[in-house]
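Student: Sending over a structure as structure tokens; questions will come in a sec.
The values are calculated or read from the model by the stated rules, or taken from the named source; none is laboratory data. These numbers come from a predicted model, not from an experiment. Note that we place each Cβ from the backbone using ideal geometry, even for glycine, and neighbour counts take in every protein chain shown. Heads up: the accessible areas ignore ligands, DNA and RNA and are worked out on the full protein's heavy atoms, side chains in. Shrake-Rupley method; radii C 1.70, N 1.55, O 1.52, S 1.80 Å.
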Amino acid sequence: LDRLRPTLRPLVAAAFALALGLRTVAPQTHGFGAGVADDYLPTGAARFLAARGEHGRLFNEFTFGGYLLWTLSPAWTVFLDGRSMALYPPRFVEEVLRTRTEGMRALVQRHDATAVVHRTSSVLAAAQGWPGWSVVYVDDTAFVAVRDDAHPSLARSHGMRALTPGDWARVVTSLREDPSRIPAARAELQRLAHDAPGTSLLHVLAGAVAMGAGDFAGAERSLRRALQ
């Protein structure tokens, strides 16, 4: 820049800074703008819990903690958040971060959590099989499960019994084996459509229900929507 005229230096520097900024931002997949990115944080799960007016102790995925603390405190206490070892004992933080899906239920029981907000992953499939727990909300980012004895009304009104969001193939099999479950599955789909209208998982489950009912054309339409 020293070789340029003084009047050109700031223009060249500004152009270089703009090019560098665009090079940094352009490859990112999420959109531009202000606000919270729904694909990364449990906005739907937090909104669902806040609207129910209940309170309790959360077991949450580590990266969700700060957002849940911001949106649900003081009604709900978080399990772990981004302050990590600045606030929580290092041995506790290590234990939580090292716990795999199969050991998660024991950790939840030991710390007496009454609800789980975790990423929609293999943890969802595991939580569906925990005795005394009900999955009550799910979207593409996060799911909510509650302990039945601590949140009986929520478990009763929103617990997914016919749908297993973490295992859509099981939905197909169970409905073929017992067609009497189809109305309950459709009712749960309607409730999920109301609670999490933008999730692609809704359409995957709708396709599974249609397959279980023998409606392959309907299944194809639903799965095409999920892909879109």
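Student: Compute the distance in nm between two label points, each set 7 Å from the Cα along the Cα-to-Cβ direction, one at Phe92 and one at Leu18.
Tutor: Label at Phe92, label at Leu18, 5.1 nm between them.
Student: Ok, one more. Sum up the charges of everything whose Cβ sits under 12 Å from the Cβ of Ala46, counting Lys and Arg as +1 and Asp and Glu as -1, but leave Ala46 out.
Tutor: In short, 0.
Student: Then there's this: From the C-alpha coordinates alone, can you work out the Kirkwood hydrodynamic radius of the range 13-104, in Å?
Tutor: 16.0
Student: Please compute the contact order of the chain in relative form: average sequence separation of alpha-carbon pairs under 8 Å and at least six residues apart, divided by the residue count, as a percent.
Tutor: Relative contact order, the chain: 14 percent.
Student: Using a probe of 1.4 angstrom, how much of the accessible area of the chain is carbon and sulfur, in percent?
Tutor: The C+S portion of the solvent-accessible surface of the chain is 57 percent.
Student: Next question, about the same structure. Starting from the eigenvalues of the Cα gyration tensor, five times each then square-rooted, give me the equivalent ellipsoid semi-axes of the range 92-181, largest first, whole Å.
Tutor: Equivalent-ellipsoid dimensions as semi-axes: 24, 16, 11 Å.
Student: Largest first and in whole Å, give the semi-axes of the range 171-222's equivalent ellipsoid, each being the square root of 5 times a Cα gyration tensor eigenvalue.
Tutor: 18, 13, 7
Student: Label Ala50 and Thr173 with points 7 Å out from Cα along Cα→Cβ: what is the distance between them in nm?
Tutor: 3.9
Student: In whole Hz and in residue order, list the ³J(HN,Hα) couplings for the range 203-214 that follow from phi through the Karplus curve 6.51 cos²θ - 1.76 cosθ + 1.60, θ = phi - 60°; x for Gly and Pro.
Tutor: 6, 4, 5, 4, x, 5, 5, 4, 5, x, 8, x
Student: Let me ask you something else. What does the highest-first list of 133-146, 78-91 look like by mean Cβ count within 10 Å?
Tutor: Packing order, densest peptide first, comes out as 133-146, 78-91.
Student: Only bridges whose two residues both fall in the range 40-180 count here: according to DSSP, what percent of them are antiparallel, nearest 5?
Tutor: Percentage antiparallel, nearest 5: 65.
Student: What's the angle, to the nearest 10 degrees (0 to 90), between helix 216-227's Cα axis and the longest principal axis of the chain?
Tutor: With both axes taken from Cα atoms, the answer is about 30 degrees.
Student: Right, here's the next one. Report the convex hull volume per residue for the range 117-228, counting only C-alpha atoms, in Å³.
Tutor: Considering the Cα atoms of the range 117-228, their hull volume per residue is 93 Å³.
Student: Going by amide H atoms built from the backbone, whose H comes under 5 Å of the H on Gly56, apart from near neighbours?
Tutor: HN-HN under 5 Å from Gly56: Trp76, Thr77.
Student: Turning to a different aspect of this structure: Taking all pairs of different Cα atoms in the chain, averaging 1/r and flipping that mean, what Kirkwood radius in angstroms comes out?
Tutor: Computed over Cα pairs of the chain, the Kirkwood hydrodynamic radius comes out at 20.0 Å.
Student: Let me ask something else. Can you tell me how much longer the chain between Ala37 and Arg83 gets when fully stretched, taken as 0.36 nm per residue apart minus their C-alpha distance, in nm with one decimal?
Tutor: Length gained, Ala37 through Arg83: 14.5 nm.
Student: How far is the Cα center of the range 60-92 from the Cα center of the range 150-203, in Å?
Tutor: First find each Cα centre; the distance between them is then 29 Å.
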